[in-house]
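Step one of this worksheet: look at the structure below.
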Amino acid sequence: MSKRQYFLHGMRDGMPIAIGYFAVAFALGIKAVAAGISAPESALMSLLNLTSAGEAAAIALLGAGTTYVELAFTQLVINIRYLLMSCSLSQKILPETSILHRLLMGYGVTDEIFGISVATDGALSPYYSYGAIAVAAPGWTLGTLLGAILGNVLPARIVGALGVALFAMFLAIILPPARKNRVIAGIVAVSMAASAGLTFLCERMQWTGFTEGFRIIVLTVTIALAAAILFPVKEASGEEACHAD
Amino acid sequence: MQINSILLAILAMAGVTYLIRVLPLVLIRREIQNRTVRSFLHYVPYVTLSVMTVPAIFTATASIVSALAALAVAVVLGLRGCKLPLVAAAACLTVFLVELLPFVG
């Protein structure tokens, strides 16, 4: 595929992300204004940060009053999962990918763009990422801006219906491989059950410090590591002969 | 230091978040050979996406009924291997239609 085709492909797959982002960001914009952040500031925050959980936490902190150190540390804890995703993506891009491409792709490592990136066939092209970012980042930023300006003008019902787009997309990413591979099917089932259980437990025990971002990283490390030890992946390329025994 | 500039606060958090995202991409420049690490990174997306979907999807809509309906539609279409935008659109439409029902929401 040409660069242009990769870019268009990324835009196409990025559309549901942009729609889902718009819906989530709209709600975020409303919260930002309520916390005393202006509409342009909230839009800038979304453009530069591109992270739902991190921004939601920042808005809560800024509304209550906080320090730069606390704010930065909160982002580190909530967003540390991107570190794992980037590690995973570093194996999906060609080793000769230039530093500039790596620096630009890094901006777009979100849960959702990561999701569609790992689902692409073969090596990940930077242009695919750029295509996805080209629609997703404006969706996120405009959603925040409009939410901050328009507040509750848009009917909650429509915004709510859009909010489910992201989750449907995640399912569309993980289910086809889960159907073909029993280990992945098991991992998906265990992960969902553990996540639901842990969330329920946190609410029951009122562990407010155990945020969603923290839950994601704890479960990801635990379950993926257990799976890696129990079911090491057979190499698909090159090394296959070594593991044929 | 107490925050006196929202702009500076935004830049601080953006800096931290960008570094988290970009460092592995810049620092890991070759294929990892260790089989356990490779397997771990291979499984990461499936766990992360599963964990992010459940239980968040149940509270993403105005009613758990519409969320369950959307989940069912997404699972069926996802298992059939439908394209991402189609699955997403179908789930949104499901939520919208189900919430029009008088006994939902």
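The values are calculated or read from the model by the stated rules, or taken from the named source; none is laboratory data. Only a predicted model underlies this, so the values are computations on that prediction, with no experimental measurement involved. As a convention, Cβ positions derive from the backbone with ideal geometry for all residues, glycine included, and neighbour counts pool all protein chains shown.
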* Given the conditions (1) facing chain B (nearest Cβ under 7 Å); (2) in contact with a helix residue (DSSP H, G or I) (Cβ under 8 Å, 6 or more places away or on another chain), report the number of the one that A:THR67 does not fulfil. => (2)
* Of the residues A:ALA134, A:ALA161, A:ALA119, which is more than 22 Å from B:VAL44 (Cα to Cα), assigned by TED's automatic domain parsing to the domain that holds A:TYR21 and either of a type in the set (Phe, Trp, Tyr) or modelled with pLDDT of 85 or more (or both)? -> A:ALA134
* Using beta carbons and a limit of 6 Å, which pairs, at least six apart or on different chains, have the first residue in segment B:33-60 and farther than 19 Å from A:ALA123 by Cβ and of a type in the set (Gly, Ala, Ser) and the second one buried (at least 24 other Cβ atoms within 10 Å of the Cβ) and at pLDDT below 90? -> B:ALA60/A:GLY163; B:ALA60/A:VAL164
* Run down B:ALA14, B:ALA9 and say which single residue is touching a Phe, Trp or Tyr at 6+ places or on another chain (Cβ under 7 Å) and either modelled with pLDDT of 85 or more or not in a helix (DSSP H, G or I) (or both). => B:ALA9
* To do: Being in a helix (DSSP H, G or I), surrounded by fewer than 19 Cβ atoms within 10 Å (Cβ to Cβ) and of a type in the set (A, V, I, L, M) is the filter here, so list the residues in segment B:17-55 that pass it.
  => B:LEU19, B:LEU23, B:VAL26, B:LEU27, B:VAL37
* **Any pair with Cβ under 8 angstrom, 6 or more apart, that starts in segment A:50-65 at a residue that is under 17 Å from B:LEU19 (Cα atoms) and ends at one that is of a type outside the set (Val, Ile, Thr) and in a loop (DSSP other than H, G, I, E, B)** => A:LEU50/A:GLY108
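To keep it simple, each residue is scored yes or no on (1) outside the structural domain of A:PHE22 (by TED's automatic domain parsing); (2) within 29 Å of A:LYS31 (Cα to Cα); (3) aromatic (Phe, Trp, Tyr).
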residue	(1), (2), (3)
A:TYR68	no, yes, yes
A:LEU94	no, no, no
A:THR97	no, no, no
A:PHE114	no, yes, yes
A:TYR128	no, no, yes
A:PRO138	no, yes, no
A:THR141	no, yes, no
* Go through segment B:56-81 and give me each residue that's closer than 24 Å to A:GLY186 by Cα and either buried (at least 19 other Cβ atoms within 10 Å of the Cβ) or small (Gly, Ala, Ser) (or both). => B:ALA56, B:ILE57, B:ALA67, B:ALA69, B:ALA70, B:LEU71, B:ALA72, B:VAL73, B:ALA74, B:LEU77, B:GLY78, B:GLY81
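Restricting attention to segment B:64-73, does a residue exist that is modelled with pLDDT under 90 and within 7 Å of chain A (Cβ to nearest Cβ)? Show your work before the answer.
First, the residues of segment B:64-73 that are modelled with pLDDT under 90: none.
There is no residue in segment B:64-73 that is modelled with pLDDT under 90 and within 7 Å of chain A (Cβ to nearest Cβ).
Let's see how each residue does on (1) in contact (Cβ under 8 Å) with a residue 60 or more places away in the chain; (2) surrounded by fewer than 24 Cβ atoms within 10 Å (Cβ to Cβ):
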| residue | (1), (2) |
| --- | --- |
| A:TYR107 | no, yes |
| A:THR141 | yes, yes |
| A:THR144 | yes, no |
| A:GLY151 | yes, yes |
| A:ALA165 | yes, no |
| A:MET169 | yes, no |
| A:ASN181 | no, yes |
* To do: Check whether at least one residue in segment A:72-92 is within 18 Å of A:VAL135 (Cβ to Cβ), at the interface with another protein chain (Cβ under 7 Å from one of its Cβ atoms) and either in contact with a helix residue (DSSP H, G or I) (Cβ under 6 Å, 6 or more places away or on another chain) or among the polar types (S, T, N, Q) (or both), and report yes or no.
  => no
* To do: For A:ALA39, work out the one condition from (1) under 26 Å from A:PRO126 (Cα atoms); (2) touching a residue at least 24 places away in the same chain (Cβ under 8 Å) it doesn't fulfil.
  => (1)
* To do: Could you please give the count of residues in segment B:8-38 that are more than 7 Å from every other protein chain (Cβ to nearest Cβ), under 14 Å from A:THR51 (Cα atoms) and of a type in the set (S, T, N, Q)?
  => 0
* For segment A:185-225, how many residues meet the condition of being closer than 24 Å to A:LEU83 by Cβ and either among the basic types (Lys, Arg) or in the same structural domain as A:LEU61 (by TED's automatic domain parsing) (or both)? -> 1
* If A:GLU96 satisfies every condition in (1) assigned to a helix (DSSP H, G or I); (2) of a type outside the set (Ser, Thr, Tyr); (3) modelled with pLDDT of 90 or more but one, which is the exception? -> (1)
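Among the residues of segment B:94-101, are any facing chain A (nearest Cβ under 7 Å) and crowded, with 24+ Cβ neighbours inside 10 Å? It would help to see each step written out before you state the result.
Of all residues in segment B:94-101, those facing chain A (nearest Cβ under 7 Å) come to B:95-96, B:99.
Right, trim to crowded, with 24+ Cβ neighbours inside 10 Å and you get B:95.
Yes, there is a match, as at least one residue in segment B:94-101 is facing chain A (nearest Cβ under 7 Å) and crowded, with 24+ Cβ neighbours inside 10 Å.
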